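The structure appears below as structure tokens.
Read-outs throughout are calculated quantities, based only on the coordinates presented, and are distinct from any laboratory measurement. From a predicted model like this one, the values you see are computed outputs, not experimental measurements. Cβ: placed from backbone, ideal geometry, glycine included. Neighbour counts: every protein chain shown.
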Amino acid sequence: STQQLQQPEFAAQARAAGHAALAAGEVAFVLTAGGQGSRLGFEHPKGLFPVGPVSGRSLFQVMLDHCRARAEKAGAPIPVYIMTSPQTDEETRAFLNRHHWFGYEPNDIRIFCQGVMPAVGLVTGQVLMSSRHEIFTNPDGHGGALQALQTSGALTDMQRRGVRQVFYGQIDNPLLQICDPVLIGCHRLQKSEMTTQAIRKRDPLQKVGNVVSVDGQVRIIEYSDLPESAARLVDAAGFPVLWAGSIAVHVFDLDFLIRQAESQVSLPFHRAVKKIPCVDSRGILSEPDENNGVKFERFIFDLLPAAKNAIVCEVDAANGFAAVKNAPGAATETPEWVQAAMSSQFRRWIEAAGSSVANGVVVEISPLLALDAEELAEKLPRNTHFDEDVFLEFISPESHS
Ligand code: UTP
């Protein structure tokens, strides 16, 4: 589909098919916001992180504003299902309640909590304890979404609403093009059961899943499961073989998710070797300096081999992926790095609309004003110049005349 998307006719057909799906109210949005955010070191759920480069809006607000704008444009609701973990559930509910769901229709949002897994000692293989009477557990990975969607009744709720496609995304990527009509349209036109979005990796060792084809079947191999030598492979022309990176954006057929959730063949577990605080045989809690345990996680993309007609669509990372992963000070994927990516995207939209932004000025655009460059160009008068930081939420129609 990367090849086909370059044909303007196919892209236009896909866009129209996606708009039709959204206008019929047949698309739901699943947002995973569990996990532990251990690398970021923020002491609240990641969704509360104030990511807006000018507005300071939280990741949750960025996502919900975007989804609301998409639903308003479609003229039909997009039900949102937010996955929390036992660690993030209570605080997430309280935060969203306190902010009145950021204007999202409360009947169109459900929160469901993922499961957990025990961990074992790296050398001993024994279950690790967080206290003398309590087993240590960690969230069961984003793949836990499948089971949690089923047991929470979310899949049944989607069926009742007439949903046919489920758009999946993760909370830490504010550039996420939520319920992108082109992606949904590609999925429908190709009669795919699972469609995944990929970027060209910045460097061979970028910490993303690798989108590959194995015996003609699309699969994703997580960076942590791939030997460095394989990640660095180049072809005869010196071009990286594993160039396609997963950004954890997928479209599923609801029927496919239901079939998989009911099947006996569950998603496999992946090992992650980590430092895990736990108690020793004397009951004394210690913080290890070295990796001492193995965590087990499921990955949602392991559904790919089971899907009929799985396809991959490429997106330019600059317009679709900048994830908040690392604490300030790291080289990439820090809050500052993500904010710069957001501001550059908005600057490009403004410039494409025939306006300009002074050097060093930070700009942010509310999705409720414009979801893309084309929409901004309809609303922003040409030759507008921004010479101070601005969060654009509203442009009065009079300013057009
Ligand atoms: P990551 O693997 O980057 O994990 O998951 P994380 O928890 O955000 O951060 P680290 O690795 O501990 O530093 C990417 C996204 O997948 C979701 C989270 O929303 C996270 O933003 N996720 C991950 C879950 O919802 N549950 C999980 O068990 C794991």
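Summary table
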read-out	value
Nonlocal Lys pairs with alpha-carbon distance under 30 Å, the chain (8 or more apart, or different chains)	26
Residue 43 paired with residue 358, simple spin-label distance in nm, labels 7 Å along Cα-to-beta-carbon	3.8
Neighbourhood net charge (10 Å Cβ-Cβ; Lys/Arg +1, Asp/Glu -1) for residue 353	-1
Residue 93/residue 213 FRET efficiency (R0 45 Å; Cβ-Cβ; nearest 0.05)	0.65
Neighbour-limited loop hits for GluC sites (Glu not before Pro), the stretch 1-109 (at most 10 other Cβ within 10 Å; DSSP other than H, G, I, E, B)	43
R0 of 41 Å, Cβ-Cβ distance residue 190-residue 100: FRET efficiency to nearest 0.05	0.55
Distant-in-sequence amide H partners of residue 209 (H built 1.01 Å from N, under 5 Å)	223, 246
Estimated 222 nm signal from helices in the chain, with DSSP H stretches of n ≥ 4 weighted -39500 (n - 2.57), rounded to 500	-8000 deg cm²/dmol
Shape of the stretch 343-385, Cα gyration tensor, a/c cut at 1.5	oblate
For the stretch 384-398 versus the stretch 8-70, the gap between their alpha-carbon centres in whole angstrom	23
Dimensionless Rg/Rh of the chain - Kirkwood Rh, Rg from C-alpha atoms	0.97
Selection of chymotrypsin sites (Phe, Trp or Tyr not before Pro), the stretch 302-401, meeting DSSP coil and at most 15 other Cβ within 10 Å	394
Theoretical gain in end-to-end length, residue 205 to residue 372 [0.36 nm per residue, Cα-Cα removed]	57.1 nm
Per-selection Kirkwood Rh - the stretch 48-184 (Cα, Å, 1 d.p.)	16.9
In the stretch 176-285, trypsin sites (Lys or Arg not before Pro) in a DSSP loop with at most 14 other beta-carbon atoms within 10 Å	191, 202, 232, 275, 282
Dimensionless Rg/Rh of the stretch 203-334 - Kirkwood Rh, Rg from C-alpha atoms	1.03
Relative contact order (percent, whole number), the chain, Cα cutoff 8 Å, 6+ residue spacing	20
Distance (nanometres) between label positions extended 7 Å along Cα→Cβ at residue 282 and residue 5	5.8
Theoretical FRET efficiency, 1/(1+(r/R0)^6), r = Cβ-Cβ of residue 156 and residue 308, R0 30 Å, to 0.05	0.85
Cα-projected label distance for residue 262 with residue 16, points at 7 Å along beta-carbon direction, nm	3.5
